[in-house]
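The values are calculated or read from the model by the stated rules, or taken from the named source; none is laboratory data. Computed from a predicted model, the values in this text were never measured in an experiment. Methodologically, a virtual Cβ is constructed for each residue, glycine included, from the backbone with ideal geometry; neighbour enumeration extends over all protein chains shown.
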Amino acid sequence: MENILIFIAILAVCIGTFFSLTGVLGYIRFPDVYTGLHASGKVSVFGAVLLMVAAISWTPLSLGKGLVLISLVLISGPVVSHALASAAYRIDVPLEQAVRDELKQDELANIQSNQSE
């Protein structure tokens, strides 16, 4: 049984490291902050979860504590990415090759409605 847990841990470390490195590479390679955050936010969370699965299976960390940590990472990862993207948008970091900007359209509509009142 111990050999199976060690095998699961080694496999999870390898796959988790691959996901984490892919997220970093995506953040570096994509043209702007927003697509880079998309790459790192999605992929790196799965990499961190797999690394925690490896820690749960290899160390005496209890399953309950590990599941709490995994759930916190799954909840907080997308929230942090959204907060960073929102902050970048608010300080006018430009969008690279934007097809449409719905937030800018909503802001313009709000300004026009406030001026007509």
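Which condition number does SER81 fail, the rest of (1) within 30 Å of ASN3 (Cβ to Cβ); (2) in contact with a Gly (Cβ under 9 Å, 6 or more places away or on another chain) being met? So SER81 meets the others, but not (1). In segment 1-23, the qualifying residues are those that are buried (at least 16 other Cβ atoms within 10 Å of the Cβ) and of a type outside the set (Ser, Thr, Tyr), and the one that is nearest to the chain's Cα centre (by Cα) is GLY23. Inspect all residues belonging to segment 26-46 and state whether any of them is touching a residue at least 24 places away in the same chain (Cβ under 8 Å), surrounded by fewer than 16 Cβ atoms within 10 Å (Cβ to Cβ), more than 26 Å from VAL99 (Cβ to Cβ) and touching a Phe, Trp or Tyr at 6+ places or on another chain (Cβ under 7 Å). No, segment 26-46 has no match at all. Filtered by the rule that a residue be at negative phi and modelled with pLDDT under 85, segment 91-100 gives VAL93, PRO94, LEU95, GLU96, ALA98, VAL99, ARG100.
None of GLU102, GLU107, GLU96 is among the charged types (D, E, K, R) and touching a residue at least 40 places away in the same chain (Cβ under 8 Å) except GLU96.
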